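Let me begin by presenting the structure, written as structure tokens, before commenting on it.
Coordinate-derived values only; no laboratory data. Worth saying up front: this structure is predicted, and the values here are computed from it rather than measured. Reconstructed Cβ throughout: ideal geometry from the backbone, glycine too, with neighbour counts over all protein chains shown.
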Amino acid sequence: MNIQWSVVWSVLRTLLVAGGPVATLLIALGFPPVEVSTWLGIGLAAVGVLSVLVPGIIGAFTHTDKAKIASVAALPDVAKVEVVPTAKPEIAALAEDNNQPKVVKQE
């Protein structure tokens, strides 16, 4: 499963923007203002924390040497990426990966 994070963040931002009108509607429908503001505050805090935490975690996984090599190999102007025989195991594994045809072992 491939999550499209730009869509997730767009939905969360939309929900935040809609918070004011939704709160007004809920209060007009008879919900207690204190409960409405409490739940909106919790939602705002959750989105605030997640907007920092999730990109940080994703960044930690995408800034690995393996991910960097895979992204360079994906460039159309790169013919091949040679991996030295003394490379780390996760890098050497890229040269064996059939999904990475441009990444090859150095001869």
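The set of residues in region 1-43 being under 19 Å from the mean Cα position of the chain (by Cα) and not in a helix (DSSP H, G or I) consists of MET1, ASN2, ILE3, GLN4.
When the residues of region 63-87 are filtered to those that are of a type outside the set (A, V, I, L, M) and surrounded by 12 or more Cβ atoms within 10 Å (Cβ to Cβ), which remaining residue is farthest from ILE27 (Cα to Cα)? Filtering region 63-87 for residues that are of a type outside the set (A, V, I, L, M) and surrounded by 12 or more Cβ atoms within 10 Å (Cβ to Cβ), the one farthest from ILE27 (Cα to Cα) comes out as GLU82. Give the residue that is farthest from PRO55 (Cα to Cα), with candidates limited to residues of region 17-44 that are surrounded by 14 or more Cβ atoms within 10 Å (Cβ to Cβ) and in contact with a helix residue (DSSP H, G or I) (Cβ under 6 Å, 6 or more places away or on another chain). Among those residues, the one meeting the criterion is ILE27.
State yes or no: is ALA93 surrounded by 10 or more Cβ atoms within 10 Å (Cβ to Cβ), more than 15 Å from the chain's Cα centre (by Cα) and not in a helix (DSSP H, G or I)? Judged against the criteria, ALA93 is not a match. Mind checking whether some residue in region 51-71 is in a loop (DSSP other than H, G, I, E, B), free of Cβ contacts under 8 Å to residues at least 12 places away in the same chain and of a type outside the set (Gly, Ala, Ser)? Within region 51-71, one or more residues are in a loop (DSSP other than H, G, I, E, B), free of Cβ contacts under 8 Å to residues at least 12 places away in the same chain and of a type outside the set (Gly, Ala, Ser).
Anything in region 72-86 that is among the charged types (D, E, K, R), part of a loop (DSSP other than H, G, I, E, B) and closer than 20 Å to GLU107 by Cβ? List them, or say none. Correct list: LYS80 only. For region 44-89, a tally of residues being more than 20 Å from the chain's Cα centre (by Cα) and closer than 28 Å to VAL8 by Cβ returns 2.
Condition check: of a type outside the set (A, V, I, L, M, F, W, C) and over 30 Å from ASN99 (Cα atoms). Does PRO55 satisfy that? It is false that PRO55 is of a type outside the set (A, V, I, L, M, F, W, C) and over 30 Å from ASN99 (Cα atoms).
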